[in-house]
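Down below is the structure, laid out as structure tokens.
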Amino acid sequence: PLLRFSRENISVTASLTLDVKLERGVVLSGTVKDPDGKPVKGANVSLSASGQFYSAQSQDDGRYYLVARPGTYTLGVGPPQGTSFVFTPRSGFAIQTDTSLDLAFQRGNALSGKVTDPDNRPGRGASVILTETTTRQSASAQTDSTGAYKVTVQPGVYNVAVRPPQGSPLIAKE
């Protein structure tokens, strides 16, 4: 498995030669499963660390295949839209060689509601952000055309912030 190559802001104002040597990466692969052990399609598996980000989406059978540089990362799994699944990110996840790792979601709890303007009209396009008070991990959702939102999180204590849509003269009120 070879790592992708990308460079930004290469100025080509005259003829230029750019030789690229691809480097070998390590593979993280496995299956993403729901709380009942069934494969999950469309989960986003990611590794991130100081400026490095690698991700892959699980296929119909729940399998994923991700190539990264050897290193230590935060491992995350984003659930497919419309599910009530959550995954606790794993910081300090070290990968030095090809690794097979099955990942499982947990069932989450939903916080839902409606955002309205001063005239009780739907607050469409507002952002609702939940931040866990101990871990500082956050989850968010955007309100739909009716002002409704639903954010699924793990059990815990959260701070909630609501940001009106960009360009709106409104401010949040509890």
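Just one of (1) modelled with pLDDT of 90 or more; (2) touching a Leu at 6+ places or on another chain (Cβ under 7 Å); (3) of a type outside the set (D, E, K, R); (4) open to solvent by 80 Å² or more (accessible area, probe 1.4 Å) fails for Thr17. It is (2).
Does region 118-135 hold any residues that are in a loop (DSSP other than H, G, I, E, B), within 23 Å of Val86 (Cα to Cα) and modelled with pLDDT of 90 or more, and which are they? Within region 118-135, Ala126, Thr133 meet the criteria.
Within region 136-144, is even one residue part of a loop (DSSP other than H, G, I, E, B), surrounded by 14 or more Cβ atoms within 10 Å (Cβ to Cβ), touching a residue at least 60 places away in the same chain (Cβ under 8 Å) and of a type in the set (Ser, Thr, Tyr)? For region 136-144, residues part of a loop (DSSP other than H, G, I, E, B), surrounded by 14 or more Cβ atoms within 10 Å (Cβ to Cβ), touching a residue at least 60 places away in the same chain (Cβ under 8 Å) and of a type in the set (Ser, Thr, Tyr): absent. All told, Lys21 falls short of being within 21 Å of the chain's Cα centre (by Cα) and basic (Lys, Arg). Scanning region 1-11 for residues that are over 25 Å from Thr72 (Cα atoms) and either open to solvent by 100 Å² or more (accessible area, probe 1.4 Å) or under 27 Å from the mean Cα position of the chain (by Cα) (or both) turns up just one, Asn9. Figure legend. Inter-residue proximity from region 86-106: first residues under 17 Å from Gln154 (Cα atoms), second residues open to solvent by 90 Å² or more (accessible area, probe 1.4 Å) and part of a strand (DSSP E or B), beta-carbon distance below 6 Å, spacing 6+ or different chains. Indicated pairs: Val86/Gln106. Just name the residue that is least open to solvent (accessible area, probe 1.4 Å) out of those in region 76-96 that are under 18 Å from Ser112 (Cβ atoms) and out of contact with any Ser or Thr (no Cβ under 9 Å at 6 or more places or on another chain). So, considering only residues that are under 18 Å from Ser112 (Cβ atoms) and out of contact with any Ser or Thr (no Cβ under 9 Å at 6 or more places or on another chain), the one least open to solvent (accessible area, probe 1.4 Å) is Gly82.
One residue stands out among those in region 61-74 that are in contact (Cβ under 8 Å) with a residue 40 or more places away in the chain and not basic (Lys, Arg): the one that is surrounded by the most Cβ atoms within 10 Å (Cβ to Cβ), which is Ala68. Within region 162-171, the only residue that satisfies the criterion of being farther than 13 Å from Gln142 by Cβ and either at pLDDT 80 or above or surrounded by 14 or more Cβ atoms within 10 Å (Cβ to Cβ) (or both) is Leu170. For region 82-117, the candidate set comprises residues that are part of a loop (DSSP other than H, G, I, E, B) and of a type in the set (Ser, Thr, Tyr); within that set, the residue that is nearest to Glu132 (Cα to Cα) is Thr88. Every condition in (1) open to solvent by less than 30 Å² (accessible area, probe 1.4 Å); (2) within 21 Å of Asp34 (Cα to Cα) holds for Asp117 except the one numbered (2). The condition (being without any contact (Cβ under 8 Å) to a residue 60 or more places away in the chain and either open to solvent by 40 Å² or more (accessible area, probe 1.4 Å) or within 25 Å of the chain's Cα centre (by Cα) (or both)) is satisfied by just one residue among Gly30, Gly37, Gly42: Gly42.
The set of residues from region 107-125 being of a type outside the set (Lys, Arg), in contact with a strand residue (DSSP E or B) (Cβ under 9 Å, 6 or more places away or on another chain) and in contact (Cβ under 8 Å) with a residue 40 or more places away in the chain comprises Gly108, Asn109, Ala110, Leu111, Val115, Gly123, Gly125.
The values are calculated or read from the model by the stated rules, or taken from the named source; none is laboratory data. Treat the numbers as computed from the prediction; the structure is a model and nothing was measured. Quick reminder, even Gly has a Cβ in these numbers, built from the backbone with ideal geometry, and neighbours come from all protein chains shown. Quick note on the areas: whole protein, heavy atoms, side chains included, nothing else; ligands and nucleic acids left out. Shrake-Rupley method; radii C 1.70, N 1.55, O 1.52, S 1.80 Å.
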